[in-house]
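Asker: Can you keep this structure in mind? I'll have questions shortly.
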Amino acid sequence: MERLNKAWYELATSSGLIDGNREFLLMLPRGTRTAAEDRRRRTMHVWHRVRLLERWDIMGAGAATFLGIRAGHPGFTMLALDNSVWLLADTYEAGAAVYAVRDPAGSPGVLRELKRVLERLATKDEDREFRREVSLWLESRQQRRTTGADMAGRRGRQLRTE
């Protein structure tokens, strides 16, 4: 867990996830469930603004509660306040991994995942407001790409994270 904590922190700071006040966004399930309960329920998530304290243990004590399924087994998503970096930690059969994506709004993988989530939610007729917001954002992004405004406006664009 010490190595996981160190790897997470190095990636979070070098990628620009954490701002000067040590703040970033953390995606948590609605309510107060653990990650294991959340995975069973597949519920809607909400971004929360958080600050990293001087003493922290994200991969140990944090992963044992709502940031994973148990100590050393993370399962969380984080986003820089300016939406410039998306960070994911997850557990696999052979261990755990932490990934960072710069400019997630321009990442083909992130865009595919958003479309997949929209399709899944539409089949269940769930989270209409979230589906509407994401659909509008994806449409506006597509319009910018076809007009050539996408590259020029990329730095100022933000996906709403409330």
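The values are calculated or read from the model by the stated rules, or taken from the named source; none is laboratory data. None of the values given here were measured: they were computed from a predicted structure. Virtual Cβ from ideal backbone geometry, glycine too; neighbours counted across all protein chains shown. Calculation scope for accessible area: heavy atoms of the full protein, side chains included, ligands and nucleic acids excluded. Shrake-Rupley method; radii C 1.70, N 1.55, O 1.52, S 1.80 Å.
Each row is one residue, and each column tells you yes or no for (1) small (Gly, Ala, Ser); (2) modelled with pLDDT of 75 or more; (3) out of contact with any Leu (no Cβ under 6 Å at 6 or more places or on another chain).
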{"site": "70", "(1), (2), (3)": "no, yes, yes"}
{"site": "75", "(1), (2), (3)": "yes, yes, yes"}
{"site": "89", "(1), (2), (3)": "yes, yes, yes"}
{"site": "98", "(1), (2), (3)": "no, yes, no"}
{"site": "126", "(1), (2), (3)": "no, no, yes"}
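Asker: Additional query: I'm trying to understand the selection: among the residues of region 1-16, which are crowded, with 16+ Cβ neighbours inside 10 Å and either closer than 15 Å to residue 62 by Cβ or hydroxyl-bearing (Ser, Thr, Tyr) (or both)?
Answerer: 1, 4, 5, 8, 9, 12, 15
Asker: Further question on the same structure: Counting only residues that are in contact with a helix residue (DSSP H, G or I) (Cβ under 9 Å, 6 or more places away or on another chain) and at pLDDT 90 or above, which one in region 77-87 is most open to solvent (accessible area, probe 1.4 Å)? Please lay out each step first, then the result.
Answerer: Filtering region 77-87 for residues in contact with a helix residue (DSSP H, G or I) (Cβ under 9 Å, 6 or more places away or on another chain) gives 78-80, 83-87.
Still in the running and at pLDDT 90 or above: 78-80, 84-87.
Working: 78: 2, 79: 14, 80: 2, 84: 43, 85: 3, 86: 70, 87: 0 Å².
Among those residues, the one meeting the criterion is 86.
Asker: Residues in region 88-118 that are β-branched (Val, Ile, Thr), under 11 Å from the mean Cα position of the chain (by Cα) and surrounded by 17 or more Cβ atoms within 10 Å (Cβ to Cβ): how many?
Answerer: The qualifying residues number 1.
Asker: Here is a follow-up. Please find, within region 1-58, the residue that is modelled with the lowest pLDDT out of those that are closer than 18 Å to residue 97 by Cβ and among the β-branched types (Val, Ile, Thr).
Answerer: So, considering only residues that are closer than 18 Å to residue 97 by Cβ and among the β-branched types (Val, Ile, Thr), the one modelled with the lowest pLDDT is 58.
Asker: So, one more: For region 59-68, which positions are modelled with pLDDT of 90 or more and surrounded by fewer than 17 Cβ atoms within 10 Å (Cβ to Cβ)?
Answerer: 61
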